[in-house]
Each structure stands twice: as C-alpha cells, then as structure tokens.
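Down below is the structure, laid out as structure tokens.
The values are calculated or read from the model by the stated rules, or taken from the named source; none is laboratory data. Everything numeric here is computed off the predicted structure, so don't read it as measured data. As a convention, Cβ positions derive from the backbone with ideal geometry for all residues, glycine included, and neighbour counts pool all protein chains shown. The protein model used for the area step is the full one, side chains on, heavy atoms only, and it has no ligands, DNA or RNA in it. Shrake-Rupley method; radii C 1.70, N 1.55, O 1.52, S 1.80 Å.
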Amino acid sequence: MEIASSQYRDITQQFLSKVHIKLVALKREQPNQFLLTAKLAKEKVDAANERLQEFHTTSQSTGLFNDQDYKLNSILSQVKDDISQIHIHLNQLKTQLNNDLNQSIFDFVQQKAMKTSDSFKKLVQSHTQRIKQQEEKRNRLNGERDRVIKRVGFNQKYQKLNETEEEANHQSIQMFDQKQNEEKLVSMQKIESMLNDIAGVFQRVGTMVRLQETMIERIDKYTDEAQVNVSKGRKELQESHKRISSNRGLILKVFLILFIFAFIYIVFIL
Amino acid sequence: MQINTSLIQAQRDALTPILKPDIRIPFKILCYDSYCEKRLSTIYRVGDLREMCITLHFNLDQIRERLHGVTAIYFIQPIQTSIEKMVDDFNRDLYSEVYINFSSPVENTLLEYMAKELSKISGAVQKIQKVYEHNLDFVALNHNFFNLENQVVNGLFSIIIALKIQPLIIFQKNSKIEQIAKELIEKLKQFEINSDYPLLAIILPDRDIDLNTLIMHSNTYGALLHDTLNIQYNKVKLEDQVYDLSPQYDDLWLQACNLALPYAIDKIDNELNDWNTQYQQVSQQNQEISSALNAIDLVPQMNQQKKMVDSHINLAKQLTQIAKQKSLDKFYQLGQSILQNDTVAINDYPQSEDTQIEQSKEIDKLRLLILMLLNNYNQQEFKKFEQLFSIKNEKYLNILSNFKQRVASNQNNKQQSAYKSLFAAITSKMPNSGKGLLKNVQNFLSQGKKSAIVQMLENLFLNELKIDELQSILTMYDSRVKNISRLEFGLLQTIKGILVCFTDGACYNEYAELSEFAKSIKKVIIYGGNKIYNAEEYLLQFQ
C-alpha cells in the first residue's frame, strides 16, 4: 500500500528498466564561457547575501558595551568588493547577450545583484542610523555623569580624595570617548562614501522597473500572444481574401465587356 | 496539526519539487505542455520562476533553439501527444540534461513507449536525470476555487493529497455522480492517509438539484465579468490586452471578485484614492538623499499597484457599460422574481428602441426564458415573454426547445419527479426572510434567494431535524474507517472545512454564494467543478 502523503513518486528506475539498450556514458560537455561567468557571478551574489546575513546577526548583538564596529566594517568592505566584482562579471556577460538564454540569465543575475545591493544599502543606512543614535546616547550619558559628579562634589566635600579619583576617571573616560568618536566619524565617512559608490552603480530606476515588469508577467504570455497573432493573421487573410475577390469580380467584368466588344467586332464589322 | 486550506498554497507546495529538483543546479529552463501550463500559470509569475533559478520557460508548441549547458525540466501530462513532442526535442538534441515530471501517474504502456522511442536516439536516455510522477490534476483558480478540466476522479484525488486532509465523501444516491464517487472511493481505498490529517467534507451533488444558478443573471463582479467578458484561467481579454486576475498578486480581485458590482466598484475607487494619496505623499517629500532613495524603492511597488488599479478600472468601466446597455441589472431582478415565484409583468422588461441592442440581448432573453421553464412559471405568461423577445438566433431557439422537452419529460417521469420533489421539499421549506423588504432595494443590491446547494449545506450541517430525511438522499464514505457510514448531525464541529464539487459545471455565481455562506458558518468552503462555465457556454451544450 502506498502512502498518500508523498505527493510524487520517483519512477526513474521503473523507466530505466524498460530501456533495453546498453547505455554508454556520455562525454561531459564543457559549459561555455558565458555560463561559467554567470555561475561565478551568481555564486558571488550568494556569498554577498551570506555576508549581509552575518552583518545583520552581528549588528544585532552589538550594544553600547559590545562594540564590533571593526568586524562590521570589514564585512561591509568585503560585501562592497563582492558587489564591485559582480559588476565586473555583469559587464563581461553584457557583451555576450546573443541569445534568449544568455539574456534571461543576465537578467536573472542582474536582478539578484540589484536585490543584494539594495539590501546592502538598507543595512548600511540603518547601521549609520544606529551609530548616530548610540553617539547621542553616549553624549547624553556623559552630560549626566558630569552633573552627578558635580553634585557629589558639592555635598560631600569630605570625600575629596574620592572626588579627585572620580575626576581622573571621568577625564580618562572622556579621552576614550573622544578617540572613539573620531573613529566613528572616520567609519561613518567611509560608509557614506561607499553608499554613494553603490548608489551610483545601481540606481538605474529604468532597469529596475523593466525587470519588475517581467517579474509579474504571466508565464503563459507567449501562448496568449500566439493566439492574438493567429487571430490577427486570420483577420488579415480574410481582408485580403475580400480584396482579392472584389478584384476578381472587376477582372471578370472587364473581360466580359472585352468579349462583347470582340464579339460585336468579329460578327458585325468583319 | 497545521493544515493549509488554500488550494493555491497546496498547489505551490506540490509544484516545488518539480521546479527545484536539485538546489545545486545554477540555471534551469522549464518546458511544459498546454495542460500543465494552466497549472503553472495561475500560480506562478515569471518572477517566481526566477526566484527558483528558472531563467526561461517554454510551451512545447513554441519554436525553440538548441540550448546546451543548461538543465531542462519537463512538466507534461502523461499522454501520447505530449510524450511525442518531448521525444522530438530529444531528436533535435535541444538540451543536455533533463528532468521529466508527469502531472499524473503514467500508464505502463506509455512509459514503455517513451523508453522505446528514446532508446532509438543515441545518448537520449543518458541525458535523463530523473523521472517523476505527480498528482497535479487540478487548477487552483483561487485559494478556494478550482477547475478540474474534466479529470474529476484524478482531480479530486489530487486535491485530497495536496491539501493533506482525510476526506468524508458525501454524494447523492441514484444520481449521475454516484459512479464518479465510487471510482474516487476505490482509488482512495488503495492509499493510506495519515490519520493526523484533519477532516474535510467533500460534497458531490448532482447538477440537477440546481440549474438556476448556472443560468440566471448574477450581481457579483466576478460572475458578471465571466458572463460578459469571459474569464479564462484568471485571464480576461479585452481589446487585444490580457488582464491578469491573480488572487495572489491582485489584492483587489481577491477582495472584489465575490462582491456585488456596486460594492466592487466602491472598492476599486477606494484603492485608486489610496494610491493617489500615497503618490502625493511620495512626491511631496523633501529632496534629501535618504527620502529620495526611499522613493526610488517605492517605484516598482507603486507601479505594480497602479497597474492593478488601472486594469480593474478598465474592466469595471467596460462591464458597467455593457451592463447598462443590456440592462443586466433588470435581468438580474427579473430572474430573482422568477425564482421567488413572483409574477413579473411584461412591462418590467426594458425594451430598447435600438434593434441592434435588442439583438445583443438575445442570450440574456434566452436565459430568462429557460429560468421560467425550469421554475414552472405560468405558461401563458411565458408565452407572452417568448413572443416579446422573439429570439432569432437558430442555436438559441434549439436550446430553448431542448429545454422545453426536458422540462416536459421531467414532469412525465414520475419516479424522477418523486425524487426531485423530495429534494424540493427539503430545500423549499427554508423561510425567505425579508422578502417584502428586498423588493424595495434597487438593482444589483437586492439579495437573491439562496441557491439549492447552500440550502443543502444548511440542512446537512445546521438543521438537526433534516438529517434523517437527508439520510435517504445522501451517502457518506468515511476514509477513517474506509467504509460507508451514517450521516450524523454535528458533523460541522468535527470537520475543518467543506469542499463542494459539481461534475456538470460550476460557475462564479455559485462560488460567490458559497463564499458568503462560508463566512456565516466560519468554515472554509472550497468550490469548483469539472469546468467553470458562464451562462452562454453552459447553454450552448444543449443545442
């Protein structure tokens, strides 16, 4: 008894058992250059997507005290490299769009690359946003700390020793913050320039819309077009038939008149 | 257990192994015959195929060039002609690696034929990676609407498997459907169904219980569109343009299909307004880099949205124009009055001065006359209408006389009428609430009488007193015990949903009614048939 939960059945063996010839292994064809490049590009896209995923998970675990900026930035620059390589591949592929298959594969890879660069862009944007927010938070905290320290200073004068210690502490924190701020500023600038690069490469709205149009096409579009063409063809045939038949009538009439004249000429004049 | 009652989702799940045979394949192309094209085209768009790394897709009838280096996936019906076409592709050495998928189980002889033919071509068999057979003999037109294309037994079986349910098959005794039901039951008995699966009541009524719904005029957007412009597998052709009515990609269609036309138009209008507001918001945003980038992101989505709204505006415009010209709302009202045994005055019919318009209405007149015949309308009144309408189309006259004979012989055939009257007794006892009030509501907004199938479901699931009466009409096969079992009241609580399948034609009108009923009982109702007819297509069978 078969289990109905399996919706399909592999009948390859059943089929092969009905083949009564000796099967000779085929020589494996070398895929052509285009397909190889396309495959490379696709793999790069997949790799970039994986990196973006990694970026996402890492940035989730990043907090005020768990700074992984270095790691994040290195991922970003890797992805940026990936994307520029994909772009080189795409440019190579672009020169070989000599058939439908190549065109469709090119479109496919391009679409995927666009999606990737899009999510890259979004991640970078939200990352910058978060850095800014953290910066603000840090500044706010610093301000509060200043106030707290001042109050401590006024009310508890006898703890001067402590106070100076605090002060020293505070100063070192401030210095550390300043250094960090500079680093942040540099990395933000880096990110912004990256953003602009990517935007320059991929913000071709026209292509996006064109690709989008194909994406929502019905897959039986061809069949419809064929039907429309057939009906158009039929209409034209009918029209030309009409034209021809009206011409035919005219020709007959002309000949009839000619015959009458010839008849009159032969019978009465000759 | 989580089940999915969406046919579209079920179909998608069932199609996935075909389209993704091996994730390591970087690029694939897909070839299908016309039968399988319908299964794919109501579910997937080009973008979905791309998502699965299918970069090109072809109908087998399409002229194709040799494409070496890519994997080809075939999805075909196991019939001689499709296999021949595929063998021909091997002859021309089109592709270098091939997966073969059959839409239903293959007969042994056909598999032998295929093996024999492919053996003749050198290197052909080696190209074949896998051969699979599936159970995909239904077309999902909506989440709860299907078309079996005359493959009733295989189709219902495919649906049962795809939905992952345990069926309770309820069919009418002594009817045309009985044979089909028995075949299906035989087929089911050979399979073991997971006992964790939820129950689904599969109702197989005889079309004879209700021809009215197929013939009468409707007031819903979907049914009117199908009647006037003909929806073919979720496509409508209008002036050389194809409109795609996809429940997955066209939210408006999903919502408006079963609404009365005025409500549907309201919905479309609202959607247009929403779009305009969104457009204005986007275009008024300041010119900062970030908001400009966001706006660019929105372009494709808004473009798609606009396209959807535009297509419905075009369709609704065309529809209202036709409805106005042919005064379809009046026909709808007249039909409703006939169903409720009210007399309709000849003056109620809005005759046009223009003979051409009158001629265009012949099919609508025919529908009204047949509706009168089917509902034993007063003979003299019928004659008056017949005279007034004076139908000239030969085909239509044939159909009319055909129906006259059918009705007359039905009245003579006592046995059948006894059976019919038994059923009528059950269905006609339902109170027609607010009948007087309804007359005052104008045009398409008036609510019609409940159709026979809805009444039948009410009796079966909601009316404890009727269950004994129904026992003599209906048989229930319970797949849990693999046997016939007694109908009991309270079934509704144990089942996940209901599936209604007509094997002699289904229509959008009935679909709308059942969807409405489904809301009232808070259960899923899936509906469909061997073919989805509009009134004209249905009547033309009776020439």
At the level of C-alpha centres, the distance separating segment B:451-521 and segment B:299-355, in angstrom, is 31
In degrees rounded to 10, the 0-90 angle between helix B:394-412 Cα long axis and the longest Cα principal axis of chain B is 70
Once all protein chains are kept in place, B:Asp240 shows an accessible area at probe 1.4 Å, nearest 10 Å², of 110
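Return the percentage of antiparallel bridges among DSSP beta bridges fully within chain B, rounded to the nearest 5 %. Can you show the working numbers first?
On the way: 18 of 61 bridges.
If I count the DSSP bridges inside chain B, around 30 percent turn out antiparallel.
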Averaged over residues of A:98-104, the number of beta carbons from other chains lying within 10 Å of each residue's Cβ is 5
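Considering only DSSP beta bridges where both residues belong to the protein assembly as shown, give the percentage that are antiparallel (nearest 5). Each step should come with its number before you reach the end.
On the way: 22 of 67 bridges.
Taking every DSSP beta bridge with both residues in the protein assembly as shown, the antiparallel ones total about 35 percent.
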Among GluC sites (Glu not before Pro) in segment B:1-66, those in a DSSP loop whose Cβ has at most 11 other Cβ atoms within 10 Å are B:Glu65
Per-residue ellipticity at 222 nm attributable to helices in the protein assembly as shown (runs of n ≥ 4 DSSP H, -39500 (n - 2.57) apiece, nearest 500 deg cm²/dmol) works out to -20000 deg cm²/dmol
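For segment B:1-47, run through the trypsin sites (Lys or Arg not before Pro) and keep only the ones in DSSP coil with at most 16 other Cβ atoms within 10 Å of their Cβ.
Working: sites: B:Arg12, B:Arg24, B:Lys28, B:Lys38, B:Arg39, B:Arg45; in loops: B:Arg24.
Answer by residue number: B:Arg24.
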Taking Cα atoms only, helix B:362-374 is inclined relative to the longest principal axis of chain B by an angle, in degrees rounded to 10, of 60
Note to self: C-alpha centroids of segment B:27-48 and segment A:212-236 sit apart, in Å, by 15
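Just flag the GluC sites (Glu not before Pro) in segment A:210-257 sitting in loop per DSSP whose Cβ has no more than 16 other Cβ atoms within 10 Å. If you can, show how the numbers build up before the last one.
Details: sites: A:Glu213, A:Glu217, A:Glu225, A:Glu236, A:Glu239; in loops: A:Glu217.
Answer in residue order: A:Glu217.
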With all protein chains in place and a 1.4 Å probe, A:His56 shows an accessible area in Å² (nearest 10) of 80
For B:Ile76, A:Ile251, the accessible-area ranking with a 1.4 Å probe, largest leading, is A:Ile251, B:Ile76
Rounded to the nearest 10 Å², the 1.4 Å probe accessible area of A:Leu185 is 110
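Which order do A:Arg9, B:Arg50 take by accessible area at a 1.4 Å probe, largest first? The partial results should precede the final answer.
Values: A:Arg9 95, B:Arg50 25 Å².
Order by accessible area, largest first: A:Arg9, B:Arg50.
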